[in-house]
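**Q** Mind looking over this structure? Questions follow.
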Amino acid sequence: MKTTKNSLTREDISEEAKWDLNGLYLQESLWHEDFKKLESDLTGYESFKGTLASSATNIKACLEFDIDISRRIEKLYTYAHLRNDEDKTHSQNQSNFEKIVHLNTLAAQTNSFISSELTSISEDQMNHFLENAELSFYKIHLERVLRYRKHTLSEKEEKLLASASKIAKTARDAFEMLDNADLKLGTVIDENENEVAITQGNFQSIMQNYDRRIRKEAFETFYSAYSDHQYTYASLLSSNIKKDIFYAREKNYSSVREKALFSENIPIEVYDNLIAAVHDNMAPLHKYFLLRKKILKLDQIHIYDMNVPLVKNIHWQVGYNDSVTKILDSLKILGSDYTQELRKGLTKDRWVDRYESKGKRSGAYSSGCYDSNPFILMNYQEDNINSMYTLAHEAGHSMHSFLSKKKQPYLYADYTIFVAEVASTFNETLLTKYLFSQDIDKSMKIYLTCREIDNLRGTLYRQTMFAEFEHLIYATAESDQPMTLDVFKEIYKKLLEKYFGKDTILDDCLSLECFRIPHFYFSFYVYKYATGISAAYALAEMVSKGGTTELNDYLNFLKGGGSKYPIDLLKGAGVDMTSSVPVSNVLEKFSSLVNQLEDLTN
């Protein structure tokens, strides 16, 4: 019996397959020089303390200084966190990352007086200041700060909370180290009698293996690792929830959810309407599970049967460069400027760190700062079409950043996560349309139909289930009930039963799934995937069927950055997310796809 290597090391990866961070810093010593200079410059905040209420000129000078510090911190932070994610076991990278996190905490502590002083200025006086031409550029920014009047504490209290921010990350940091570096996920014997190490990166690929024995054993082995550490995971998640509740209560919010949605000015109804709409449309989801059971000819259907392709004669082997070509072809409707910039980024300019390696952070993301290219972390798997979709998804984020930064000044370039997931999912939607447009046979149609169903299932239904889980665990904790391992598992099990229905066998270990979701350490984030895909489908339909006006509206949305609140940016592009229409329409789309799959397989 052969034993495969656990994973490649960083040195095994070619340079062209790694992101190029030279645009940030040519060498680490330059990073340290900037770090020391910034550390010294933080003392400059002292000259502004106690002066903001005296004049618009003082407010402007303070904001300019603060913005400069923020911009420099972001550059330092981006470089350090990207290097740290290359290899979570690299001690020097860990050290640099911890240094910039500490400096960021120090900066937040030092500038905490700004919001307190601004919100302490009387409304009449502040309105007078806002009429001054000196503050015209900062008016939107200041209005956003002033929204927090009732949630801003005294200078001393704000400073204290800012000082605790580093400690507040402890649970999340511990989760990431356990999940990415220390957790041993075991091995499985593949169809060629090779022992394959299970990793966070290849687990989903294994779940698509046609051999049910392999899927079942990998699934059970994978979750046995979580079972071995289940009390630790429960403790970490509980600690993170306690931290969030503490900050929400100290800041005068009625709940953590209210605090999370307030920052983007998202009405609570958007969250509740999403869950209600999905609850009303469970029947098509349960029908799909029964259809999958029938097609796979199974007596029982388990969770480890949910991702295997429904046709056996299609084998995906799509290299990174082939994926880039397909993605660019699918996005031609967005114009040559968009696709040419993206081509450069994904290839020549090396935005992407492509492949899994030992110690590398799992999953995928797009990151960067105002003074850098956008960067994409991937753990690309050539035998998994999901990798191509993930690349298209993260490319959507990156081009959103690129266009926003190109159009907007630093202060208004950052878009919120609510709209970020629109841009990324929009790209996935166009990729699906492109693949369906090719000359494909019936088997391929079945495969792609199932792929789109699974994409909607994973992004709309699954993320809504996660969102409901978050709402329930925070509501439980906010009622001062202890969040034990059994409480987490019981809440999650009931949701699994609701979303998967009575005909799906739910293995006991699946209740541990709630402990492996990193997004739960970023409270009330996941619902944005579901709202995002709803808006993305609506926009993709408009752009595909529309003309120059619809295209320009969408591109202007991407270029809008953070110049408006996300709900308003989407309205400008033609989608009203305060309405239930976008979510209802995409749920109808899901139902029609299930019917289409039924017709194809009959």
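**Q** Among the residues of the range 483-495, write down those that are in contact (Cβ under 8 Å) with a residue 24 or more places away in the chain and not hydroxyl-bearing (Ser, Thr, Tyr).
**A** Passing the criteria: 483, 485, 488, 489, 495.
**Q** Now, a different point. Which one is nearest to residue 218 (Cα to Cα) among residues in the range 277-314 that are surrounded by fewer than 13 Cβ atoms within 10 Å (Cβ to Cβ), within 29 Å of the chain's Cα centre (by Cα) and not charged (D, E, K, R)?
**A** Across the range 277-314, the extreme among qualifying residues is 283.
**Q** Can you tell me which residues in the range 570-590 are of a type in the set (S, T, N, Q) and either within 22 Å of residue 400 (Cα to Cα) or surrounded by fewer than 17 Cβ atoms within 10 Å (Cβ to Cβ) (or both)?
**A** Listed by number, the residues that qualify are 578, 579, 584, 585.
**Q** If you don't mind, another one. Based on what the data block shows, is residue 314 out of contact with any Pro (no Cβ under 6 Å at 6 or more places or on another chain) and over 19 Å from residue 205 (Cβ atoms)?
**A** For residue 314, the condition - out of contact with any Pro (no Cβ under 6 Å at 6 or more places or on another chain) and over 19 Å from residue 205 (Cβ atoms) - is not met.
**Q** A follow-up question, please. Could you pull out the residue among 380, 355, 370 that is part of a loop (DSSP other than H, G, I, E, B), among the hydroxyl-bearing types (Ser, Thr, Tyr) and surrounded by fewer than 20 Cβ atoms within 10 Å (Cβ to Cβ)? Please lay out each step first, then the result.
**A** Values: 380 fails: surrounded by fewer than 20 Cβ atoms within 10 Å (Cβ to Cβ); 355 fails: surrounded by fewer than 20 Cβ atoms within 10 Å (Cβ to Cβ).
Result: 370 is the single residue among 380, 355, 370 that is part of a loop (DSSP other than H, G, I, E, B), among the hydroxyl-bearing types (Ser, Thr, Tyr) and surrounded by fewer than 20 Cβ atoms within 10 Å (Cβ to Cβ).
**Q** Where in the range 1-110 are there helices (runs of 4 or more DSSP H), lying wholly inside it, with at least 3 residues that are in the same structural domain as residue 191 (by TED's automatic domain parsing) and farther than 22 Å from residue 155 by Cβ? Working first, answer last.
**A** Working: elements: 28-41, 56-86, 91-110.
Filter on the range 1-110 gives an empty set.
**Q** crowded, with 19+ Cβ neighbours inside 10 Å, in a helix (DSSP H, G or I) and of a type in the set (Asp, Glu) - does that describe any residue in the range 177-200?
**A** Yes; the residues of the range 177-200 include at least one that is crowded, with 19+ Cβ neighbours inside 10 Å, in a helix (DSSP H, G or I) and of a type in the set (Asp, Glu).
**Q** Among the residues of the range 117-134, write down those that are in contact (Cβ under 8 Å) with a residue 24 or more places away in the chain and either of a type in the set (D, E, K, R) or in contact with a Phe, Trp or Tyr (Cβ under 6 Å, 6 or more places away or on another chain) (or both).
**A** 117, 134 - these are the residues of the range 117-134 that are in contact (Cβ under 8 Å) with a residue 24 or more places away in the chain and either of a type in the set (D, E, K, R) or in contact with a Phe, Trp or Tyr (Cβ under 6 Å, 6 or more places away or on another chain) (or both).
**Q** Still on this model: Considering only residues of the range 260-278 that are touching a residue at least 60 places away in the same chain (Cβ under 8 Å) and among the charged types (D, E, K, R), which is nearest to residue 170 (Cα to Cα)?
**A** Filtering first and then ranking leaves 264.
**Q** From the list 251, 242, pick out the single residue that is in contact (Cβ under 8 Å) with a residue 40 or more places away in the chain, crowded, with 17+ Cβ neighbours inside 10 Å and not aromatic (Phe, Trp, Tyr).
**A** Going through 251, 242 in turn, just one is in contact (Cβ under 8 Å) with a residue 40 or more places away in the chain, crowded, with 17+ Cβ neighbours inside 10 Å and not aromatic (Phe, Trp, Tyr): 251.
**Q** Taking residue 320 as meeting all but one of (1) within 27 Å of residue 217 (Cβ to Cβ); (2) within 25 Å of the chain's Cα centre (by Cα); (3) aromatic (Phe, Trp, Tyr), write down the number of the exception.
**A** Going through (1) within 27 Å of residue 217 (Cβ to Cβ); (2) within 25 Å of the chain's Cα centre (by Cα); (3) aromatic (Phe, Trp, Tyr) one by one, residue 320 breaks only (1).
**Q** Of all residues in the range 475-489, count the ones that are within 28 Å of the chain's Cα centre (by Cα) and either surrounded by 13 or more Cβ atoms within 10 Å (Cβ to Cβ) or not in a helix (DSSP H, G or I) (or both).
**A** Here is the first cut: in the range 475-489, the ones within 28 Å of the chain's Cα centre (by Cα) are 475-478, 483-489.
Cutting the leftovers down to either surrounded by 13 or more Cβ atoms within 10 Å (Cβ to Cβ) or not in a helix (DSSP H, G or I) (or both) gives us 475-478, 483-485, 487-489.
Residues that pass the stated criteria total 10.
**Q** Which one of 283, 276, 260 is over 23 Å from residue 493 (Cα atoms) and either in contact with a Ser or Thr (Cβ under 9 Å, 6 or more places away or on another chain) or not hydrophobic (A, V, I, L, M, F, W, C) (or both)?
**A** Of 283, 276, 260, the one residue that is over 23 Å from residue 493 (Cα atoms) and either in contact with a Ser or Thr (Cβ under 9 Å, 6 or more places away or on another chain) or not hydrophobic (A, V, I, L, M, F, W, C) (or both) is 260.
**Q** Here's a follow-up. For the range 525-569: of the residues being more than 19 Å from the chain's Cα centre (by Cα) and charged (D, E, K, R), which is nearest to residue 407 (Cα to Cα)?
**A** Ranking the candidates gives 559 first.
**Q** Of all residues in the range 429-443, which are basic (Lys, Arg) and over 30 Å from the mean Cα position of the chain (by Cα)? Walk me through how you get there before you give the answer.
**A** If we filter the range 429-443 for residues that are basic (Lys, Arg), which is where we start, we get 433, 442.
Matches in the range 429-443: 442 only.
**Q** Could you check residue 459 against (1) at pLDDT below 95; (2) in contact with a helix residue (DSSP H, G or I) (Cβ under 6 Å, 6 or more places away or on another chain); (3) not in a helix (DSSP H, G or I) and say which number it fails?
**A** Here residue 459 clears every test but (3).
**Q** Please go through the range 136-158 and give me each residue that is farther than 21 Å from residue 264 by Cα and either without any contact (Cβ under 8 Å) to a residue 24 or more places away in the chain or more than 34 Å from the chain's Cα centre (by Cα) (or both), ordered by number.
**A** 136, 156
**Q** Go through the residues of the range 516-523 one by one and say whether even a single one is over 21 Å from residue 183 (Cα atoms), touching a helix residue (DSSP H, G or I) at 6+ places or on another chain (Cβ under 7 Å) and either hydrophobic (A, V, I, L, M, F, W, C) or surrounded by 15 or more Cβ atoms within 10 Å (Cβ to Cβ) (or both).
**A** Checked the range 516-523: at least one residue is over 21 Å from residue 183 (Cα atoms), touching a helix residue (DSSP H, G or I) at 6+ places or on another chain (Cβ under 7 Å) and either hydrophobic (A, V, I, L, M, F, W, C) or surrounded by 15 or more Cβ atoms within 10 Å (Cβ to Cβ) (or both).
**Q** Tell me which residues, restricted to the range 564-587, are in contact with an Asp or Glu (Cβ under 6 Å, 6 or more places away or on another chain) and within 16 Å of residue 265 (Cα to Cα).
**A** The one that is in contact with an Asp or Glu (Cβ under 6 Å, 6 or more places away or on another chain) and within 16 Å of residue 265 (Cα to Cα): 566.
The values are calculated or read from the model by the stated rules, or taken from the named source; none is laboratory data. A quick note: this is a predicted structure, and the numbers were derived from the prediction, not measured. Positions of Cβ are generated from backbone atoms using ideal geometry, with glycine treated the same way; all protein chains shown enter the neighbour counts.
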